[in-house]
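Novice: Before we start, here is the structure in question, set down as structure tokens.
Read-outs: derived from the displayed coordinates by stated rules, not from any lab. Since we're looking at a predicted model, the values are computed, not measured. Virtual Cβ from ideal backbone geometry, glycine too; neighbours counted across all protein chains shown.
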Amino acid sequence: MRLIVVHILILNGKDKVIHVGQMLVLTKRNILNILLKNIQQIKKLNNMKKLNDYQKDFICDKFFTNEKYPGWKSIAMDLLNNGECVVAGNYCIWKGGIGNFIKVETASKYIGCVKYVFDLDVFISSKHFKEMFDLYVDYLENEIKRITNDYNDLKELQ
């Protein structure tokens, strides 16, 4: 049996390092499985919907807010940016709501941690998201009307 030493490096389209694997000693038959897994991760990152800062803040504030857990916002941002995050503990800190869209997997490389996996596209297409989104858009439309009326009222003074 021949052993091959491989160092795995994943780059995104902007030449930034996303993940650097450990030095691995592999048999030839395992190399294909690792490469396929890394290709799937790259495709997942390339296919993920990209949110702007306002969209991330909206989703964070309306769905992820959980003041009981320090660091909830950085976890939420990792999930929105990367679709996954390794977290200390053994359960999801969000129950119901957004928690229904977060899968909890074992984080085998870490002790006392789990990996949260979040599919943004599934969440955005859900009834749960659409209901809150529609309510907030209605609120914003009413605010626009109110501000426009206030503006027009003030303009009449000239």
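Novice: What is region 92-158 by shape, rounded, prolate or oblate, if you read a ≥ b ≥ c off the alpha carbon gyration tensor as root eigenvalues and call it rounded for a/c under 1.5, prolate for a/b larger than b/c, and oblate otherwise? Display every interim value, and only then the final one.
Specialist: Numbers: a/c = 5.34, a/b = 3.39, b/c = 1.57.
Verdict is prolate for region 92-158.
Novice: For region 84-95, what does the Karplus curve 6.51 cos²θ - 1.76 cosθ + 1.60, with θ = phi - 60°, yield as ³J(HN,Hα) per residue in whole Hz, taken in order and with x for Gly and Pro?
Specialist: Karplus values, whole Hz, x for Gly and Pro: 7, 7, 8, 10, 5, x, 9, 8, 7, 6, 9, 9.
Novice: Restrict the search to region 39-139; then list the trypsin sites (Lys or Arg not before Pro) that DSSP places in a loop and that have at most 13 other Cβ atoms within 10 Å of their Cβ.
Specialist: Listed in order of number, the matching sites are LYS49, LYS50, LYS68, LYS95, LYS109.
Novice: Work through the residues other than THR106 whose Cβ is under 14 Å from its Cβ and net out their charges, Lys, Arg +1 and Asp, Glu -1.
Specialist: Working: positive: LYS103, LYS109, LYS115; negative: GLU84, GLU105.
It works out to a net charge of +1.
Novice: Once phi is turned into θ = phi - 60°, what whole-Hz ³J(HN,Hα) does the Karplus curve with 6.51, -1.76 and 1.60 give for every residue of region 151-157, x standing for Gly and Pro?
Specialist: In residue order, the calculated couplings are 4, 4, 4, 5, 5, 5, 6 Hz.
Novice: Pop out the ³J(HN,Hα) list for region 63-76 in order, Karplus 6.51 cos²θ - 1.76 cosθ + 1.60 with θ = phi - 60°, rounded to Hz; leave Gly and Pro as x.
Specialist: 3J(HN,Hα) across region 63-76, in whole Hz: 10, 9, 3, 8, 5, 5, 10, x, x, 4, 5, 5, 5, 4.
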